[in-house]
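A short worksheet on the structure shown next.
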Amino acid sequence: MRYFLALAEERNFGRAAERLHMSQPPLSRQIRALEEKLDTVLFVRTPKGVELTDAGQTLLDEVPNLLALAQRAKERTRLAGQGLMGRLDVGIFGSAMLDVIPRMLARFHAERPDVKIVLHNLTKNEQIQALHERRITVGFNRLVPDEPELVIEMVLREPLMVALPSAHPLAAKPVLTLTDLDNQPFILYPNVPMRGLAQEVAEAFRQGGVRLNVEQEVEDVLTAVALVASGFGMVVTTQSATSLRLPGVVFRPLDCPYLRDVELSCLYRKGDNSPVLAGFLDVVHDFVKTLEPEFRLKAQR
């Protein structure tokens, strides 16, 4: 197209070849090959040079668009290869979306605004399946079991809190223990088959010899805290859930030797060489460095 444009504008093989910094014979071969490919004559040879045929004029009208599209495709391809353009499918879940994950996504979006971020609200098992099926690029969850084909990278360990009605007598205490929670009406989440926070809480009560009085079992933290606000009981949740400022709910730290904190992990496929994923993981690792030392990245499994 560049050869064609030069000849169409110069109307002379010699001047066009000089403009293109090439000799005239290869330019003639290129134009002849183009005409053969299009199966039509583009130029009429004249004593002074060439003139465009009607077909040649039609092509000339389109050449600037074609060259612009080619340049755009080249630039977009370059950006995609650097992870500056493309798509990031992220598996998310309840409480982590209240604090940490949105801040990491916001930082990534600020650095790479041309990467489209698509969020998928999935359970732990659904995230693992979606990663295996390449429906998401990366996921975030807690207490993730080892998976042979996945990297499970711990991002932080988050302290646990007890959400309880503000009118409850225990709300007057600055810190709660398992003994304080003995036989109190309790709400557990998430009620899913794969081991999670609900099972960790139940195990801590068992180890502490404390009665766990389960009033409700729900799927997510928002429902759990809303039930606390309605007086159904109390719930052990993560520190990030304290951003849920529902009327009638207070949060108190949990002092429990069997359950001090809970991990938040980042999941992605082993051997995934996606430049977008690499860029996002850089953001995750840089973000972790800004956290308090006791919550920073501890290990990679």
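Brief remarks follow.
- Only a single criterion out of (1) closer than 24 Å to Arg245 by Cα; (2) of a type in the set (A, V, I, L, M); (3) in contact with a strand residue (DSSP E or B) (Cβ under 8 Å, 6 or more places away or on another chain) is not satisfied by Met97, namely (3).
- Ala163 passes every criterion in (1) small (Gly, Ala, Ser); (2) modelled with pLDDT of 95 or more; (3) surrounded by fewer than 17 Cβ atoms within 10 Å (Cβ to Cβ) apart from (3).
- Within the stretch 11-31, tally of residues that are surrounded by fewer than 17 Cβ atoms within 10 Å (Cβ to Cβ) and closer than 17 Å to Val63 by Cα: 2
- Annotation note: of Arg195, Arg252, the sole residue that is among the basic types (Lys, Arg), at pLDDT 95 or above, outside the structural domain of Met97 (by TED's automatic domain parsing) and within 35 Å of the chain's Cα centre (by Cα) is Arg252.
- Of all residues in the stretch 179-225, those satisfying the criterion of being crowded, with 21+ Cβ neighbours inside 10 Å and assigned to a loop (DSSP other than H, G, I, E, B) are Tyr189, Pro190, Gly196.
- Any hit, the stretch 242-252, residues being without any contact (Cβ under 8 Å) to a residue 40 or more places away in the chain and crowded, with 16+ Cβ neighbours inside 10 Å: no
- Members of the stretch 151-175 found to be in contact (Cβ under 8 Å) with a residue 60 or more places away in the chain, among the hydrophobic types (A, V, I, L, M, F, W, C) and either more than 25 Å from Ile187 (Cβ to Cβ) or not in a loop (DSSP other than H, G, I, E, B) (or both), listed by number: Val151, Ile152, Met154, Val155, Leu156, Leu160, Met161, Val162, Ala163, Leu164, Leu170, Ala171
- Residue match in the stretch 182-192 (condition: at positive phi and modelled with pLDDT of 95 or more): yes
- Identity of the residue in the stretch 233-268, assigned to a loop (DSSP other than H, G, I, E, B) and basic (Lys, Arg), that ends up nearest to Arg206 (Cα to Cα): Arg260
The values are calculated or read from the model by the stated rules, or taken from the named source; none is laboratory data. None of the values given here were measured: they were computed from a predicted structure. Neighbour counts run over all protein chains shown; Cβ positions are idealised from the backbone, glycine included.
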